[in-house]
Amino acid sequence: MNIVFSVVLYRTPVSTIKKIIHDFGVLRNESEYALTLVLFENGSNISELNTYLIETAKKCPGVKVLLSKDNLGFGGGHNFVFDQIKSQYFVVMNPDIQGINTRDFDETINYLVMNPEVGLLVPKLVNPDGSVQLTNKLQSTIFDQAIRLLGGKFFKKRRLRFVQASNGYTTVMPTKNAHGAFMIFRSSTFESIKGFDERYFLYMEDTDITMKVNSISQSVYYPFFSVVHEWQQANRKISGVREMLKSMIKYYNKWGWKLF
C-alpha cells in the first residue's frame with residue numbers, strides 16, 4: 001500500500017524544508033506502510049531553491065520533487081501531485097505541520113482500511129504549546145464567515161458554536177468543514193470528485209472539497225491522531241482578506257447563499 005504525502009511550497013524557507021524532510025524520513029523508516037513525500041515547488045522560480053530541492057531529493061529515499069513555473073494555487077498544486085503518482089491514500093499536508101507520531105499515523109490508516117465508507121479524515125490540530133486548535137467547524141454560512149473575518153469579540157456564543165467548542169474534539173465524528181492543513185483522502189474518493197476545485201486560488205478550497213466528499217462518501221474528524229500546526233492566518237492582511245472574499249463568493253455561488 002502506497003501513501004503519498006503532498007506538500008505545496010511557495011518561497012518556503014530552506015530550514016522549513018529540511019524539517020519536513022527530516023520528519024518524513026523518521027516516519028517512513030518507522031511506518032508499516034510504504035510512504036512517498038512529494039514536494040511541489042509552486043512557481044517561486046528561485047533557481048537556488050530549485051537546485052537545493054532537486055539535489056536533496058536525490059539523497060533522500062522516498063522523496064520526490066516537482067517544479068512548476070506557474071503558481072497553480074493550493075488546490076491546483078495538490079491536484080498536480082495526485083495526477084503524477086498513484087497511491088491508495090493521499091495526504092495533503094501544509095509545510096508548517098510537525099509532530100507526526102508514527103504509531104498514531106499507522107493506526108489512523110488502519111481505521112481508514114477498516115472503514116471504507118470514509119473518504120476523508122482530518123486529525124486533531126494542536127498548537128506548539130499543545131493547546132487544541134478549534135478547527136472542526138460546522139458548515140459555512142455567510143454570517144459565520146463574516147464575524148470570523150472581522151475578528152474582535154462580538155457574537156462569542158455564535159463563534160464557539162461554529163467551531164463546536166463544547167463537543168467537537170473528543171470523539172470521532174462527521175465533519176462538514178474540514179481544515180486543509182492535514183487531510184488524508186482515500187485516493188479513489190479524491191479521484192471520483194476530481195480533487196480540489198481549482199477556481200479557488202487560496203482559501204475555502206478545503207471547505208469546498210469537504211462538501212464534495214460528503215456528496216459521495218463521508219468526512220470524519222479523528223481526534224485520536226494529532227499533529228502540530230503552526231497556524232499562519234494570512235487572511236487578516238488586506239491581500240488575504242481580498243482573496244478570502246473572492247473565494248467566499250465562489251463558494252456561495254456554488255453551494256448556495258446560506259445567511260445563517
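Out of the residues in region 46-96 that are free of Cβ contacts under 8 Å to residues at least 60 places away in the same chain and part of a loop (DSSP other than H, G, I, E, B), which is most open to solvent (accessible area, probe 1.4 Å)?
K69
Restricting the search to region 1-45, which residues are polar (S, T, N, Q), touching a residue at least 12 places away in the same chain (Cβ under 8 Å) and part of a helix (DSSP H, G or I)?
Correct list: T16 only.
Does D129 satisfy the condition of being surrounded by 14 or more Cβ atoms within 10 Å (Cβ to Cβ) and acidic (D, E)?
Against the criterion (surrounded by 14 or more Cβ atoms within 10 Å (Cβ to Cβ) and acidic (D, E)), D129 does not qualify.
Yes or no: region 75-84 includes at least one residue that is in contact with a strand residue (DSSP E or B) (Cβ under 8 Å, 6 or more places away or on another chain) and among the charged types (D, E, K, R).
no
Among the residues of region 206-223, is there at least one that is open to solvent by less than 30 Å² (accessible area, probe 1.4 Å), farther than 16 Å from Y251 by Cα, without any contact (Cβ under 8 Å) to a residue 60 or more places away in the chain and under 17 Å from the mean Cα position of the chain (by Cα)?
For region 206-223, residues open to solvent by less than 30 Å² (accessible area, probe 1.4 Å), farther than 16 Å from Y251 by Cα, without any contact (Cβ under 8 Å) to a residue 60 or more places away in the chain and under 17 Å from the mean Cα position of the chain (by Cα): absent.
Exactly one condition in (1) at positive phi; (2) at pLDDT below 95; (3) of a type in the set (K, R) is false for K246; which is it?
The one condition K246 does not meet is (1).
With (1) over 24 Å from I3 (Cβ atoms); (2) surrounded by 15 or more Cβ atoms within 10 Å (Cβ to Cβ) as the list, and I142 as the residue in question, which single condition is left unmet?
Status for I142: all satisfied but (2).
The values are calculated or read from the model by the stated rules, or taken from the named source; none is laboratory data. This is a predicted model, so every value here is computed, not measured. Cβ: placed from backbone, ideal geometry, glycine included. Neighbour counts: every protein chain shown. The accessibility values were calculated without ligands, DNA or RNA, using every heavy atom of the protein model including side chains. Shrake-Rupley method; radii C 1.70, N 1.55, O 1.52, S 1.80 Å.
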